[in-house]
Amino acid sequence: MSGLRTNGDKPRFYSVAEVARMFGMSKVTVYRAIADGDFPAVKIRGRLIVPAKAVDAMVEAAVSAHGVVDAGAWTAEGA
């Protein structure tokens, strides 16, 4: 996965396609979740990118809780 890197090896953002591959779902599903306010993203001139920190936080929360987390908690609507 390439990610959008700004410094070092750790990506700061992922494309929607990368997030879809990571989570084993279609790009359309990710786009719909973003449009519905259920998944965090940054929109720049029509392009959507997903903050790597949000993905990392979701994974860490799921591992720590040993269960399911709602991605909507990482959106403005969920905050």
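Data for the structure
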{"read-out": "Residues being closer than 17 Å to residue 14 by Cβ and in a helix (DSSP H, G or I) - total across segment 36-61", "value": "9"}
{"read-out": "Filter result for residue 21 (out of contact with any Gly (no Cβ under 8 Å at 6 or more places or on another chain) and at positive phi)", "value": "no"}
{"read-out": "Hits in segment 28-79 (condition: surrounded by 10 or more Cβ atoms within 10 Å (Cβ to Cβ) and among the hydroxyl-bearing types (Ser, Thr, Tyr))", "value": "29, 31, 75"}
{"read-out": "Selection from segment 57-72 of residues that are closer than 19 Å to residue 34 by Cα and of a type outside the set (Val, Ile, Thr)", "value": "57, 58, 70, 71, 72"}
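Readers should treat all values here as calculations from the given coordinates under stated rules, not as data from a laboratory. Quick caveat, the model's predicted, so the values are computed rather than measured. Here the Cβ is made from the backbone with ideal geometry for all residues, glycine too, and neighbour counts use every protein chain on show.
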